[in-house]
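So the structure is just underneath, and the comments pick up after that.
The values are calculated or read from the model by the stated rules, or taken from the named source; none is laboratory data. This is a predicted model, so every value here is computed, not measured. Here Cβ is always computed from backbone atoms with ideal geometry, including for glycine, and neighbour counts include all displayed protein chains.
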């Protein structure tokens, strides 16, 4: 068990990996934090409401998905997507949970900087303005931008000769890629890049979560062969069809658990789980809580409002 102090404190198992570099460990002063996380099991009570005065924060999802809220809006961040918050914006994970996923994140400090080292004042202002005026905080993360996150982690982790210089160069490239990915034309096109066939599959799954769902039935609805459907899902969503169905059933279960008249066994059977114990095990892996704990937590929250 790995203990990470903070607010809140994290206690990580060997299925929950975490790296972060801040304070004396950072290589670039304008990056207060560079982090990476890979969770095979959800981490409950880990992403509670908080804000970062003075810092922009950007999360880039590699695998799995994360559910964020920022202000009054909620977002589901899928693989290949990124989300950012501006200085002082209150945000957190939906239900405070960090779901099974792999992602990178950084914080950027523009304060007191007329120009970032290596950038002109005009270029620095351009990047910051791209973050300030972006119409959507959820955007498609290009391969070039994702690579910058990964390379920053590697430089911090391995610290080869000239690591601060290389990290500085990668950070400059990251700023350029970030500004380009946030341009309205790029963001709008990328956010609608899911193919019509996969959209048909997603709609069919959403409409049939309480029915037996097989890869062949989903493929037929999408107009693809089962093997082509699997390939498209991995390439466009980062999930297998079966994994996506399971995640959507757990999201539906969260809604059903708000109804005290439904037993956990009834919900499990309704959503296609063979036993309530199997349902509870899957629910805990994806949310960090048992169905009973989740129900009690939401009931306590409702009473406090």
Report task. Could you check how many residues of the range 193-210 are exposed (fewer than 13 other Cβ atoms within 10 Å of the Cβ), part of a helix (DSSP H, G or I) and either at pLDDT below 85 or under 20 Å from the mean Cα position of the chain (by Cα) (or both)? Result -> 0
Query raised in the report: Among (1) modelled with pLDDT of 90 or more; (2) surrounded by 15 or more Cβ atoms within 10 Å (Cβ to Cβ); (3) more than 29 Å from residue 46 (Cα to Cα), where does residue 213 come up short?
Result: (1)
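Looking only at the range 179-192, count how many residues are at pLDDT 60 or above, under 16 Å from residue 80 (Cβ atoms) and out of contact with any helix residue (DSSP H, G or I) (no Cβ under 6 Å at 6 or more places or on another chain).
Here the count works out to 1.
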Requested in this report: For the range 60-75, indicate whether the set of residues that are on the phi > 0 side of the Ramachandran plot and in a loop (DSSP other than H, G, I, E, B) is non-empty.
Outcome: yes
Query raised in the report: Of all the strands (runs of 3 or more DSSP E) wholly in the range 1-49, which have at least 3 residues that are surrounded by fewer than 18 Cβ atoms within 10 Å (Cβ to Cβ)?
Result: 2-4, 10-12, 16-22
Report task. Please work out if residue 162 is in the same structural domain as residue 59 (by TED's automatic domain parsing), crowded, with 20+ Cβ neighbours inside 10 Å and at pLDDT 95 or above. Result -> no
Query raised in the report: Among the residues of the range 225-248 satisfying the criterion of being part of a helix (DSSP H, G or I) and out of contact with any helix residue (DSSP H, G or I) (no Cβ under 8 Å at 6 or more places or on another chain), which is nearest to residue 65 (Cα to Cα)?
Result: 243
